[in-house]
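Structure first, then comments.
Rule-based calculations on the coordinates, nothing more; no lab input. If you're wondering where the values come from, they're calculated on a predicted model, not measured in any experiment. Methodologically, a virtual Cβ is constructed for each residue, glycine included, from the backbone with ideal geometry; neighbour enumeration extends over all protein chains shown.
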């Protein structure tokens, strides 16, 4: 496939992706039969993948005007919700007419909807609000990371905080504007692997919903968002404490790979809903990474090895322009392949090095610490796991063109997303 389509190349397994969606959908519907599973378009919006998800029964979670148009084109608006901090007036009008649910994240959106309604431009929209419980959802052996993480959770730009009166005030404002509030939505973070921490963060959300229902607000759906973590990736969770231990040459505990236990989480969430007397509500979610991430790998070619006095660099032709979340300190499983030797393994004599990309940018590092085969050389291949989430949809052409995507099958695979060319990059130039 590398020879046929060149590298870097995303390799997508359609059979695995389809099976993973079916399994997730079956578990969710078994626990929450009336709820929706919304596919997160921002995670990966490739049309072929979206169509498969919609055919199985998933709706669409969109966060931009062009994603909204994508959902309309794919005929997914009967089960769709519009999130995000920017919703232009034209986009709000388009969503309301299409019957897409709208989660209000700014008061200005509500003002725009009022003007559209008063002008007779839209039917009664299905409205919700996004709330922020401000709870930590990550575990770490570094206490300084947890402290910083907790502070960031409570001061993020998304949603209305539940630790003061803002969320309640917005709910009241929606009612005073003459709209019905139907949905409450939250999204806690990404790559969450501990169900108990996610449940702890959701309790304030359920308490808020219970309060609204008791006041007569016609809430019929609570959307817990996504962020369910995958086992093929570990995100570094370190703060100043770990940095201090590093300076003092003391061992730093390493994070281990974990995957979110969806079955146990759903069972526990059912119990929480019963405790808050909210069993009659539609319980929905919007998974992205959990479905996309393990269904795609990134195939990249070694272009050179640079041995420095204090560090060795393995330079490949894929970088942060097509795998931007690697900058968060993510660690993924790697496989090493040689055209001559076949698969190579990093044994006891493995080379300790950093995996660097091709960009003329000092921060272009895919992984800071890896073990590579001692005899790896330019022209060999590195296969990086869990590359299906926030890659194609967040790619840029900074220094390098966007990569192609090939579908894995019994032959060399066929392209379902072509590589960007010069004319694509400069198509808007005069």
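Restricting to the chain, what percent of DSSP beta bridges are antiparallel, rounded to 5?
Bridges in the chain are about 50 percent antiparallel.
Using Cα-Cα distances under 8 Å and only pairs 6 or more residues apart, what relative contact order does the chain have, in percent? Provide the component values of the computation, followed by the final result.
Details: 880 pairs, mean separation 78.6, N = 430.
Reported relative contact order: 18 percent.
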### Message
Full-extension gain between residue 235 and residue 158, please, as 0.36 nm times their residue separation minus the C-alpha to C-alpha distance.
### Response
25.6 nm
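Based on DSSP H runs of at least 4 residues, each adding -39500 (n - 2.57), what is the mean residue ellipticity at 222 nm of the chain after dividing by all its residues, to the nearest 500 deg cm²/dmol? Intermediate results must be reported in sequence, preceding the final value.
Details: 13 runs with 136 residues, N = 430.
Mean residue ellipticity at 222 nm (helix-derived): -9500 deg cm²/dmol.
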### Task
Could you work out how far helix 143-154 tilts from the main Cα principal axis of the chain, as a 0 to 90 degree angle to the nearest 10?
40 degrees
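Just rank 86, 381, 197, fewest to most, by other beta-carbon atoms within 10 angstrom. Don't skip to the end; give the middle numbers.
Numbers: 86 12, 381 21, 197 17.
Neighbour counts put them in this order, fewest first: 86, 197, 381.
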### Task
Could you state the orientation-averaged shadow area of the convex hull built on the Cα atoms of segment 219-267, in nm² to one decimal?
5.7 nm²
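Would you kindly calculate the mean projected area, averaged across all directions, of the convex hull enclosing the Cα atoms of segment 159-282, in square nanometres? Let's see the in-between values first.
On the way: hull surface 39.1 nm².
Computing the convex hull of the Cα atoms and averaging its projections yields 9.8 nm².
As a test of understanding, state the convex hull volume per residue of segment 297-422 from its alpha carbons, in Å³. All intermediate terms of the calculation are to be shown ahead of the outcome.
Values: hull volume 15.3 nm³, N = 126.
Dividing the Cα hull volume of segment 297-422 by its residues yields 122 Å³.
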### Message
Need one number: nm distance between label points at residue 248 and residue 139, each 7 Å from Cα along Cα→Cβ, rounded to one decimal.
### Response
2.5 nm
### Spacing of the two label points (7 Å from each Cα toward its C-beta) at residue 27 and residue 90, in nm
4.1 nm
### Task
Hey, for a label at residue 328 modelled as a point 7 Å past Cα toward Cβ, could you say which residues of segment 266-301 have their backbone N under 15 Å away?
287-294
### Query
What is the extension gain from residue 378 to residue 78, computed as 0.36 nm multiplied by their sequence separation minus the C-alpha to C-alpha distance, in nm to one decimal?
102.9 nm
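Calculate, for residue 430 and residue 398, the FRET efficiency according to 1/(1 + (r/R0)^6) with r their C-beta to C-beta distance and R0 25 Å; round to the nearest 0.05. Intermediate values should be presented prior to the final figure.
Values: r = 21 Å, r/R0 = 0.86.
Efficiency computed from Cβ-Cβ geometry: 0.70.
Would you mind putting 324-336, 8-20 in packing order, based on average other-beta-carbon counts within 10 Å, highest first? Please list the in-between numbers first.
Working: 324-336: 17.1, 8-20: 19.4.
Peptide ranking by packing, descending: 8-20, 324-336.
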### Query
To the nearest 10 degrees, how steeply does helix 262-275 sit against the main Cα axis of the chain, on a 0 to 90 scale?
20 degrees
### Query
Hey, in the GNM for the chain with a 10 angstrom Cα cutoff, which one of 56, 192, 370 fluctuates hardest?
56
### Summary
Contact order relative to length for segment 1-144, counting C-alpha pairs under 8 Å separated by 6 or more residues, stands in percent at 15 percent
### Relative exposure of 266, 296, 50, 360, judged by other C-beta atoms within 10 Å (fewest first)
360, 266, 50, 296
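Between residue 259 and residue 118, what length in nm is gained on full extension when 0.36 nm per residue of separation is reduced by their alpha carbon distance?
Details: separation 141, 0.36 × 141 = 50.76 nm, distance 4.83 nm.
Additional length available on full extension: 45.9 nm.
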### Query
Over the Cα atoms of segment 143-227, Rg to Rh with Kirkwood Rh, two decimal places?
1.00
### Query
For segment 297-422, what is the relative contact order in percent, using Cα pairs closer than 8 Å and at least 6 residues apart in sequence?
30 percent
### Query
Helix 89-98 sits at what angle to the longest principal axis of the chain, using alpha carbons and giving 0 to 90 degrees rounded to 10?
70 degrees
### Task
Using a 10 angstrom cutoff on alpha carbons, build the Gaussian network for the chain and name the most mobile of 213, 170, 131.
213
### Measure of compaction for the chain (Cα Rg per 2.2 N^0.38 Å)
1.05
